[in-house]
Amino acid sequence: MCDSCDPGLHFLAKALTEDLDLSEIDAPPEPQVSSEEPLQTTIFFNGPIITMEHDAFSPVEAMAIQGSTILAVGTLPHVQSEAGTGALMHDLRGKCILPGFVEPHLHLILSALAERFLGNFSPPSLGNDGIGRLEEAKKLVETISSDPEHRGNPELWVAGYGYDPSRVENHPDLVRDYLDAWSPNNPVFIINQSGHLAYVNSRALKLANIDEDTKDPNYYRDPKTGKLNGIIAETAVFTIGSLVKLPPTCKLASLCRDTLNTWASKGCTTIFDAGIGSVRLKQDENILASVTSVPIPVRFYGALAIQIAVTTALPPITFGKVKVQTIKYWGDGSTQGITAALNSPYLNRGDEKGQPSYPSDDALYKAMEPLFSNGWHLMIHANGDAAIGQALRVYKSLFEAFPQRDKSIVHRIEHFTVTENDDLIKTAAELGIGISHTILHVFYWGHTFDKWVLGPPRAQRIDPVREEVEAGALVSFHSDSPVSEVNPLLYVRTAVTRLMFGRDDEEPLGKDQCVDLLQALRGVTINPAKQIKMDQDIGTLKKGKFADFVILDRDPRSTPGPELDKINVVQTWMGGKRVWPA
């Protein structure tokens, strides 16, 4: 499963929302707009306008928008002629326009919970000092457990998300002994950033009625003493996570809207939620209906989690105003969590290679075939090369079994992280499979993969974008938020430079996999638009497409690679309206 699409984090989200009274979520009424209101025409000029048309930057002098769509692009005289009299003139003063960024894989509800409700135990990142040493985790647990609210209520949980021993100095787990000492009175539940594991103290185990007689292997034990060590996995995460509750006054839909506004500030105009319904079908539907009951600053599409998909259903369906025509499968686990399915063992871990989620190609085929045959767009999470290979073999079998399939649908493999050789890449390109990378694996986890998880040369080949582009594959970049932050310009910088977080002075991770700026920008604009089957409306700036674009303070083409993430988003426009700043 993908790092945030796994049972652990979804179990937690389900537990946190189980008793949430959605009737308390107050959505402001949608503003009434007169149908007779004339469409305003605006011309943007005096700055580079990069349309991304024709597989090139394809810059133009000017662009006119009218209502929600693009009226004209080209020379300023041509655009003025098309716009006619009365058009507003928007002087860019040298600023740069690009198509709005398309974020093809994230998780809204989980991101809102992780970023705006739970304690933040995530590793260091841009703009976040994070937890890089055990002492910092200790300080945060003690700070939360000693605040007046927790000190006066021993039933109140210390709940957090994001602890990742793979990126903490010396890689310590948050074992029970640590958490007992740091929070002796309050129960503790901290979920690992991979989502497959969590860390609890003795108080939490007692409240869950878990003791030394418990036989469930998902409650890990100290290899020396044989006693429970406070590390829990999979279904155990749900068992204990279900005891953690949201405050009754928390308004989850409001948290989600705040999260959407943050993503708009990064230049995103379209997002794709890769696992709707995996929290709980009706709960997801109600929350998303509330979130989208008022105008939001992004276009919202998504995939339905296979766990609750009805095999006889036909696409599309809607959750609130969110259009869903995709089914999401999970083929393995997390690379940094040592649960992705690899062909060769992990570094210094004996024969440990991880296991695919489906025991055989036939099992995965049987899971995919009913929905594939009904015309659904499919996407499958696969981090390790064993899982990637299985997904490709099954896609090939499906394509052969259904030669009359809709070939305009770009079926996807998510993450595509570990590839020991290029055969997988060639096969994906030949089949027309869309590849979408969590490209910040390179930025944030590259050093960890190289020294602790995979070792060279496999770590140098994670997210092998250059080879994929040269093979003719359709490649996009995503965050998998909350696993990494939504920041398309950082994805672009990472694809161009392969530099690692805090290590700009070191050799890039697999520098032969760097791509040029054009390919990197395609990975956040037209390529993901094609992968979510929206390229007729978004992804480039062309007459008739939606007026979705971002205004940047400088031209990426004249910006050094290591400085690309320093470009500022000045404005974000969606459907002909400025949505950020609002």
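The values are calculated or read from the model by the stated rules, or taken from the named source; none is laboratory data. Please read these numbers as outputs of a predicted model, since none were measured by experiment. Virtual Cβ from ideal backbone geometry, glycine too; neighbours counted across all protein chains shown. Side chains are part of the model used for accessible areas, which takes the heavy atoms of the whole protein and leaves out ligands, DNA and RNA. Shrake-Rupley method; radii C 1.70, N 1.55, O 1.52, S 1.80 Å.
Taking the options Ile287, Ile296, Ile232, name whichever one is part of a loop (DSSP other than H, G, I, E, B) and of a type in the set (Val, Ile, Thr). Before the answer, list the steps.
On the way: Ile287 fails: part of a loop (DSSP other than H, G, I, E, B); Ile232 fails: part of a loop (DSSP other than H, G, I, E, B).
Going through Ile287, Ile296, Ile232 in turn, the sole match is Ile296.
Please state which one of Asp332, Asp361 is charged (D, E, K, R), touching a helix residue (DSSP H, G or I) at 6+ places or on another chain (Cβ under 6 Å) and open to solvent by less than 40 Å² (accessible area, probe 1.4 Å). Step through it out loud before you land on a result.
Values: Asp361 fails: open to solvent by less than 40 Å² (accessible area, probe 1.4 Å).
Of the residues listed, the single one that is charged (D, E, K, R), touching a helix residue (DSSP H, G or I) at 6+ places or on another chain (Cβ under 6 Å) and open to solvent by less than 40 Å² (accessible area, probe 1.4 Å) is Asp332.
Are any of the residues in the range 396-404 open to solvent by less than 10 Å² (accessible area, probe 1.4 Å), aliphatic (A, V, I, L, M), within 17 Å of Asn343 (Cα to Cα) and touching a helix residue (DSSP H, G or I) at 6+ places or on another chain (Cβ under 9 Å)? Give the steps one after another, and end with the answer.
We begin by selecting, within the range 396-404, every residue open to solvent by less than 10 Å² (accessible area, probe 1.4 Å); these are 398.
Checking which are aliphatic (A, V, I, L, M) leaves us with 398.
So of that shortlist, the ones also within 17 Å of Asn343 (Cα to Cα) come out as none.
Within the range 396-404, none of the residues are open to solvent by less than 10 Å² (accessible area, probe 1.4 Å), aliphatic (A, V, I, L, M), within 17 Å of Asn343 (Cα to Cα) and touching a helix residue (DSSP H, G or I) at 6+ places or on another chain (Cβ under 9 Å).
Go through the range 276-304 and give me each residue that's surrounded by 21 or more Cβ atoms within 10 Å (Cβ to Cβ), modelled with pLDDT under 90 and in contact with a Lys or Arg (Cβ under 7 Å, 6 or more places away or on another chain).
Correct list: Val279 only.
Just the residues that are at pLDDT below 95 and outside any loop (DSSP other than H, G, I, E, B), please, taken from the range 15-71. It would help to see each step written out before you state the result.
From the range 15-71, those at pLDDT below 95 are 15-40; that's our starting set.
Residues satisfying the conditions are Ala15, Leu16, Thr17, Leu22, Ser23, Glu24.
Which one of these is under 23 Å from Asn128 (Cα atoms), touching a strand residue (DSSP E or B) at 6+ places or on another chain (Cβ under 9 Å) and touching a residue at least 40 places away in the same chain (Cβ under 8 Å): Val465, Val486, Val469, Val475?
Working: Val465 fails: under 23 Å from Asn128 (Cα atoms); Val469 fails: under 23 Å from Asn128 (Cα atoms); Val475 fails: under 23 Å from Asn128 (Cα atoms).
So the residue among Val465, Val486, Val469, Val475 that is under 23 Å from Asn128 (Cα atoms), touching a strand residue (DSSP E or B) at 6+ places or on another chain (Cβ under 9 Å) and touching a residue at least 40 places away in the same chain (Cβ under 8 Å) is Val486.
Kindly evaluate Leu252 against the criterion of being over 30 Å from Lys566 (Cβ atoms), in contact with a strand residue (DSSP E or B) (Cβ under 9 Å, 6 or more places away or on another chain) and surrounded by 21 or more Cβ atoms within 10 Å (Cβ to Cβ). Lay out the reasoning, then the answer.
Details: over 30 Å from Lys566 (Cβ atoms): yes; in contact with a strand residue (DSSP E or B) (Cβ under 9 Å, 6 or more places away or on another chain): no; surrounded by 21 or more Cβ atoms within 10 Å (Cβ to Cβ): yes.
The answer is no for Leu252.
Tell me, yes or no, whether the range 507-521 has at least one residue that is open to solvent by 20 Å² or more (accessible area, probe 1.4 Å), acidic (Asp, Glu), touching a strand residue (DSSP E or B) at 6+ places or on another chain (Cβ under 9 Å) and touching a residue at least 24 places away in the same chain (Cβ under 8 Å). Break it down into steps so the answer makes sense when it comes.
Going residue by residue through the range 507-521, those that are open to solvent by 20 Å² or more (accessible area, probe 1.4 Å) are 507-508, 511-512, 514, 516-519.
Now narrow it down to the ones that are acidic (Asp, Glu): 507, 512, 516.
Subset that is touching a strand residue (DSSP E or B) at 6+ places or on another chain (Cβ under 9 Å): none.
Scanning the range 507-521 turns up no residue that is open to solvent by 20 Å² or more (accessible area, probe 1.4 Å), acidic (Asp, Glu), touching a strand residue (DSSP E or B) at 6+ places or on another chain (Cβ under 9 Å) and touching a residue at least 24 places away in the same chain (Cβ under 8 Å).
Mind checking which pairs have a first residue in the range 372-397 that is within 8 Å of Ile413 (Cα to Cα) and in contact (Cβ under 8 Å) with a residue 24 or more places away in the chain and a second that is open to solvent by 10 Å² or more (accessible area, probe 1.4 Å) and in a helix (DSSP H, G or I), Cβ under 7 Å, 6 or more apart or different chains?
Hits for this filter: Ile388/Leu424.
Select, from Lys266, Lys224, Lys251, Lys245, the only residue that is under 30 Å from Leu98 (Cβ atoms) and either modelled with pLDDT under 95 or under 28 Å from the mean Cα position of the chain (by Cα) (or both). Before you say what the answer is, go through the steps one by one.
Values: Lys224 fails: under 30 Å from Leu98 (Cβ atoms); Lys251 fails: under 30 Å from Leu98 (Cβ atoms); Lys245 fails: under 30 Å from Leu98 (Cβ atoms).
After ruling out the rest, the residue left standing is Lys266.
Read through the list (1) of a type in the set (A, V, I, L, M, F, W, C); (2) within 23 Å of the chain's Cα centre (by Cα); (3) surrounded by 22 or more Cβ atoms within 10 Å (Cβ to Cβ), then give the number of the only condition that Phe546 fails.
For Phe546, the failing item is (2).
If only one of Arg503, Arg458 is farther than 20 Å from Pro123 by Cα and open to solvent by 10 Å² or more (accessible area, probe 1.4 Å), which one is it? Break it down into steps so the answer makes sense when it comes.
Working: Arg503 fails: farther than 20 Å from Pro123 by Cα.
Matching residue, one of Arg503, Arg458: Arg458.
One residue is enough: does the range 404-415 have a residue meeting the conditions in a strand (DSSP E or B) and within 22 Å of Lys511 (Cβ to Cβ)?
Looking only at the range 404-415, we keep the residues that are in a strand (DSSP E or B), and these are 412-415.
Cutting the leftovers down to within 22 Å of Lys511 (Cβ to Cβ) gives us 415.
The answer is yes; a qualifying residue exists.
For the list (1) modelled with pLDDT of 95 or more; (2) surrounded by 24 or more Cβ atoms within 10 Å (Cβ to Cβ); (3) out of contact with any Cys (no Cβ under 9 Å at 6 or more places or on another chain); (4) farther than 26 Å from Leu398 by Cα, I need the number of the one condition that Lys451 fails.
(2)
Every residue in the range 526-566 that is aliphatic (A, V, I, L, M) and either part of a loop (DSSP other than H, G, I, E, B) or over 28 Å from Arg461 (Cα atoms) (or both), please. Write out each step before concluding.
First, the residues of the range 526-566 that are aliphatic (A, V, I, L, M): 526, 529, 532, 534, 538, 541, 547, 550-552, 564.
Correct list: Ile532, Met534, Ile538, Leu541, Ala547, Val550, Ile551, Leu552.
Which residues, taken from the range 484-525, are touching a Cys at 6+ places or on another chain (Cβ under 8 Å) and outside any helix (DSSP H, G or I)?
Kept after step one, since they are touching a Cys at 6+ places or on another chain (Cβ under 8 Å), are these residues of the range 484-525: 486, 488, 495-498, 508.
Val486, Arg498, Pro508 - these are the residues of the range 484-525 that are touching a Cys at 6+ places or on another chain (Cβ under 8 Å) and outside any helix (DSSP H, G or I).
Could you check Ala582 against (1) modelled with pLDDT under 95; (2) of a type in the set (A, V, I, L, M, F, W, C); (3) surrounded by 20 or more Cβ atoms within 10 Å (Cβ to Cβ); (4) farther than 25 Å from Val418 by Cα and say which number it fails?
In the conditions (1) modelled with pLDDT under 95; (2) of a type in the set (A, V, I, L, M, F, W, C); (3) surrounded by 20 or more Cβ atoms within 10 Å (Cβ to Cβ); (4) farther than 25 Å from Val418 by Cα, Ala582 misses (3) alone.
Please go through the range 301-322 and pick out each residue that is among the small types (Gly, Ala, Ser) and either within 15 Å of Ala367 (Cβ to Cβ) or touching a residue at least 60 places away in the same chain (Cβ under 8 Å) (or both).
The first filter runs over the range 301-322 and keeps only residues among the small types (Gly, Ala, Ser), leaving 302-303, 305, 309, 313, 320.
Listed by number, the residues that qualify are Ala303, Ala305, Ala309, Ala313.
Take the conditions over 23 Å from Leu424 (Cβ atoms) and touching a helix residue (DSSP H, G or I) at 6+ places or on another chain (Cβ under 6 Å) and apply them to Pro488. Does it pass?
Working: over 23 Å from Leu424 (Cβ atoms): yes; touching a helix residue (DSSP H, G or I) at 6+ places or on another chain (Cβ under 6 Å): no.
For Pro488, the condition - over 23 Å from Leu424 (Cβ atoms) and touching a helix residue (DSSP H, G or I) at 6+ places or on another chain (Cβ under 6 Å) - is not met.
So, in the range 81-108, of the ones that are in a loop (DSSP other than H, G, I, E, B) and open to solvent by 50 Å² or more (accessible area, probe 1.4 Å), which residue ends up farthest from Ser484 (Cα to Cα)?
Residues of the range 81-108 that are in a loop (DSSP other than H, G, I, E, B), as a first pass: 84-87, 92-95, 100, 107.
Then keep just the ones that are open to solvent by 50 Å² or more (accessible area, probe 1.4 Å); that gives 85-86, 93, 95.
Working: Thr85: 47, Gly86: 45, Arg93: 33, Lys95: 28 Å.
Among those that are in a loop (DSSP other than H, G, I, E, B) and open to solvent by 50 Å² or more (accessible area, probe 1.4 Å), it is Thr85.
Can you tell me how many residues in the range 416-446 are closer than 21 Å to Gln460 by Cα and either acidic (Asp, Glu) or not in a helix (DSSP H, G or I) (or both)?
Adding up the residues that qualify gives 13.
Please determine whether any residue of the range 315-324 is of a type in the set (D, E, K, R), open to solvent by 30 Å² or more (accessible area, probe 1.4 Å) and modelled with pLDDT of 95 or more.
Our first condition is that a residue be of a type in the set (D, E, K, R); within the range 315-324, this holds for 321, 323.
Next, from what is left, pick out any that are open to solvent by 30 Å² or more (accessible area, probe 1.4 Å): 321, 323.
So of that shortlist, the ones also modelled with pLDDT of 95 or more come out as none.
No, that holds for no residue.
What are the residue pairs meeting all of these: first residue in the range 70-92, first residue farther than 17 Å from Leu39 by Cβ, second residue open to solvent by 70 Å² or more (accessible area, probe 1.4 Å), Cβ atoms under 8 Å, and 6 or more apart or on different chains?
What qualifies is Val73/Lys542; Val73/Lys543; Gly74/Glu61; Thr75/Glu61; Leu76/Glu61; Asp91/Asn46; Leu92/Asn46.
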